[in-house]
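Asker: I have a structure here, written as structure tokens, and I will follow up with some questions on it.
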Amino acid sequence: MSRARNHLRAALSLLAVSARGAATGVLGQRGLSAWPAPQEPGMEYQDAVGMLNTLQTNASYLEQAKSQRGDPQKQLEAMELFLARSGLQVEDLDRLNIIHVTGTKGKGSTCAFTEHILRNYGLKTGFFRSPGSSPHLVQVRERIRINGQPISCDLFTKHFWRLYRRLEDTKDGSGASMPTYFRFLTLMAFHVFLQEKVDLAVVEVGIGGAYDCTNIVRRPVVCGVSSLGLDHTSLLGDTVEKIAWQKGGIFKPGIPAFTVLQSEGPLAVLRERAQQIACPLYLCPPLEALEEGGPPLTLGLQGEHQRSNAALALQLARCWLQQQEHRDLGELKTSRVSGSWQLPLAPVFQPTSHMCHGLQNTEWPGRTQVLQHGPLTWYLDGAHTTSSVQACVRWFRQALQRNQRPTSGPEVRVLLFNSTGDRDPAALLKLLQPCQFDYAVFCPNLTEVSSPGSADQQNFTVTLDQVLIRCLAHQQHWSHLGEQASPALQSTPQPSGPVPHSPHRGSASSLVFSCVSHALQWISQGRDPVFQPSSPPRGFLAHPTASSGASVLQEAGAIHVLVTGSLHLVGGVLKLLEPSLSQ
């Protein structure tokens, strides 16, 4: 650890800290962006978010969840008790007409497609993203949406304090306490949707399914399972089959459920779970089957992997409409697709115009998102698992092929990366090598290092010391991969379009910065028309790689920047590149 601290101090003195004053306390044990909770709760949005963050889940809560995973009823009973203390019963949730969606990859995109399709039918929609699924990008209000839009600051503040005070008032000496961050936001979403009288609510599972706090829903209208893979293995299990068992925990007796094509093992587990629960489970035909006889479907979200998510969303939306007796459901067609592993095939139908427009107009920031800012093209994808990074790499390389070459100057590729939690950064970075970046940049998921930031960006579970040491480890992994790169990798053909800046592309030079803002300042070199910081920090170009790279970036005809590895990181970048998201 002492060696790691020496490396950390060296990095801070060269690049990561903008001034001597900013380094004060960096190696202490304070949390990132510490935000004092108000002594007297007020009615301001930032006060509400600051108080919410005092409930933030930490390592001890996760350890408790691991120890209790053999007793899911205990977790659900605790959530039901919180629900009752908040003034609701489980039966009240039936009125929300819920679409419940789980999965490892693509469940957020599936929810976004589904919500947008149904909103195109003129329905008032609610959409809840559990904190356990992935982070909010800029503001916590993004997690609770009405008609696709985050609820307003005023509405968030009103509902937060109403729920907080009700739960405070029902604490007693028998052990009743405040719910954790995960549970509180789930309760709050249910209250908002009921009081705002939505026609339906799309609810995304947080972690797993069987033990997730959203699983107190007893009578959803329909359930969905997106693509499965390995994630949260310390909590859900170390095989895809164990994870499939957890995801199948959202199945309910007699409630239809749909899943996409999975590997044989996890699909068999889902089938067995459905049979045990008496849940009718259907396999979604591929999107190609629904396109037969009609024009190709255009998706608002880029990437080939989004077609699977869109196929699941179409089935969920159609099933919901069918059960609500909406007439315009699309024309059923004869299927040429066979079922798999004894799962019945979901209907093959001609999507309606509402469905087509819903798919085409879906937006989901931070997922296969492209921002064109002058000579800089930012590619944002919060991929953080092996399979999602593989999909990200395919999308990024395909996007490069579609780009026109600049009329003057070379094209430069930059990787901006971070990885958190129990994920294997070395494995993820190895998958990114074929993109052959000129520079790899690593920084924590911290927008600014010199100020506490907004309450929306708080994280009490890690220290700045810890995340910077992790970034240095990422840099070491990347350098080690470059040293081991085979001649075959070095000579990998480039996609048509990009002009290599350096013959060493593939074993990029790397840098570590202390925050997202400093990383973006170096990458953009003042050439981004939106991101225009007042002045670079002192000593910004003290490192030789930073100095020489700055000249290359200033002269480049085009700069392609892939931001990936963490949705927290993507959120920090979006906060700076898209200021409207913070308003």
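Asker: Name the single residue that is modelled with the lowest pLDDT among those in the range 122-143 being surrounded by 22 or more Cβ atoms within 10 Å (Cβ to Cβ), under 17 Å from Gln195 (Cβ atoms) and not aromatic (Phe, Trp, Tyr).
Answerer: Arg143
Asker: Here is a follow-up. Going through the range 351-380 one residue at a time, which ones are open to solvent by less than 20 Å² (accessible area, probe 1.4 Å), under 21 Å from the mean Cα position of the chain (by Cα) and among the aliphatic types (A, V, I, L, M)?
Answerer: Of everything in the range 351-380, those that are open to solvent by less than 20 Å² (accessible area, probe 1.4 Å), under 21 Å from the mean Cα position of the chain (by Cα) and among the aliphatic types (A, V, I, L, M) turn out to be Leu359, Leu371, Leu380.
Asker: Also, quick follow-up: How about the range 144-176: which of its residues are under 17 Å from Ala84 (Cβ atoms) and either outside the structural domain of Val90 (by the TED database) or part of a loop (DSSP other than H, G, I, E, B) (or both)?
Answerer: Selection gives Thr170, Lys171, Asp172, Ser174, Gly175, Ala176.
Asker: A follow-up question, please. Can you tell me how many residues within the range 400-419 are outside any strand (DSSP E or B), touching a strand residue (DSSP E or B) at 6+ places or on another chain (Cβ under 8 Å) and either within 16 Å of Val389 (Cβ to Cβ) or among the aliphatic types (A, V, I, L, M) (or both)?
Answerer: 2
Asker: Oh, and also: Within the range 396-427, restricting attention to residues that are touching a helix residue (DSSP H, G or I) at 6+ places or on another chain (Cβ under 9 Å) and under 16 Å from Gly303 (Cβ atoms), which residue is surrounded by the fewest Cβ atoms within 10 Å (Cβ to Cβ)?
Answerer: Among residues in the range 396-427 that are touching a helix residue (DSSP H, G or I) at 6+ places or on another chain (Cβ under 9 Å) and under 16 Å from Gly303 (Cβ atoms), the one surrounded by the fewest Cβ atoms within 10 Å (Cβ to Cβ) is Arg397.
Asker: Continuing with this model, one more query. If you take the residues of the range 98-107 that are out of contact with any Leu (no Cβ under 6 Å at 6 or more places or on another chain) and open to solvent by 10 Å² or more (accessible area, probe 1.4 Å), which of them is nearest to Gly126 (Cα to Cα)? Talk me through it step by step, then tell me what you get.
Answerer: Initially, the range 98-107 is screened for residues out of contact with any Leu (no Cβ under 6 Å at 6 or more places or on another chain), giving 98, 100-103, 105-107.
Applying the additional criterion that residues be open to solvent by 10 Å² or more (accessible area, probe 1.4 Å) yields 105-107.
Values: Lys105: 21, Gly106: 19, Lys107: 16 Å.
Checking each candidate, the answer is Lys107.
Asker: Which residues, counting only those in the range 548-566, are surrounded by fewer than 22 Cβ atoms within 10 Å (Cβ to Cβ) and assigned to a loop (DSSP other than H, G, I, E, B)?
Answerer: Gly557
Asker: Is there a residue in the range 291-304 that is open to solvent by less than 70 Å² (accessible area, probe 1.4 Å), of a type in the set (A, V, I, L, M, F, W, C), part of a helix (DSSP H, G or I) and assigned by the TED database to the domain that holds Val222?
Answerer: The answer is no; no qualifying residue exists.
Asker: Still on this structure: Only one of these conditions is not met by Leu299: (1) within 19 Å of Ile98 (Cβ to Cβ); (2) touching a Leu at 6+ places or on another chain (Cβ under 9 Å). Which number is it?
Answerer: Of (1) within 19 Å of Ile98 (Cβ to Cβ); (2) touching a Leu at 6+ places or on another chain (Cβ under 9 Å), only one is false for Leu299: (1).
Asker: Could you give me the residue pairs with C-beta distances under 8 Å whose first residue belongs to the range 202-229 and is free of Cβ contacts under 8 Å to residues at least 40 places away in the same chain, whose second residue is buried (at least 24 other Cβ atoms within 10 Å of the Cβ) and among the polar types (S, T, N, Q) wherever it lies, and which are 6+ apart or on separate chains?
Answerer: none
Asker: Still on this model: For the list (1) of a type outside the set (A, V, I, L, M, F, W, C); (2) part of a loop (DSSP other than H, G, I, E, B); (3) surrounded by 19 or more Cβ atoms within 10 Å (Cβ to Cβ); (4) in contact (Cβ under 8 Å) with a residue 40 or more places away in the chain, I need the number of the one condition that Arg271 fails.
Answerer: If we test Arg271 against (1) of a type outside the set (A, V, I, L, M, F, W, C); (2) part of a loop (DSSP other than H, G, I, E, B); (3) surrounded by 19 or more Cβ atoms within 10 Å (Cβ to Cβ); (4) in contact (Cβ under 8 Å) with a residue 40 or more places away in the chain, just (2) comes out false.
Asker: For Asp456, all conditions in the list (1) modelled with pLDDT of 90 or more; (2) touching a helix residue (DSSP H, G or I) at 6+ places or on another chain (Cβ under 6 Å) hold save one; what is the number of the exception?
Answerer: (1)
Asker: Just wondering, is there one or more residues in the range 381-394 that are assigned to a helix (DSSP H, G or I), open to solvent by less than 10 Å² (accessible area, probe 1.4 Å) and out of contact with any Lys or Arg (no Cβ under 9 Å at 6 or more places or on another chain)?
Answerer: Yes, the range 381-394 has at least one match.
Asker: Is it true that some residue in the range 480-490 is modelled with pLDDT of 70 or more, closer than 24 Å to Gly366 by Cα, open to solvent by 10 Å² or more (accessible area, probe 1.4 Å) and under 31 Å from the mean Cα position of the chain (by Cα)?
Answerer: Scanning the range 480-490 turns up no residue that is modelled with pLDDT of 70 or more, closer than 24 Å to Gly366 by Cα, open to solvent by 10 Å² or more (accessible area, probe 1.4 Å) and under 31 Å from the mean Cα position of the chain (by Cα).
Asker: Of the numbered conditions (1) open to solvent by 30 Å² or more (accessible area, probe 1.4 Å); (2) under 19 Å from the mean Cα position of the chain (by Cα), Lys158 fails exactly one; give the number of that condition.
Answerer: (2)
The values are calculated or read from the model by the stated rules, or taken from the named source; none is laboratory data. Quick caveat, the model's predicted, so the values are computed rather than measured. Please note: Cβ atoms are built from the backbone with ideal geometry, for glycine as well, and neighbour counts cover all protein chains shown. Please note that ligands, DNA and RNA were not included when accessible areas were found on the heavy atoms of the full protein model with its side chains. Shrake-Rupley method; radii C 1.70, N 1.55, O 1.52, S 1.80 Å.
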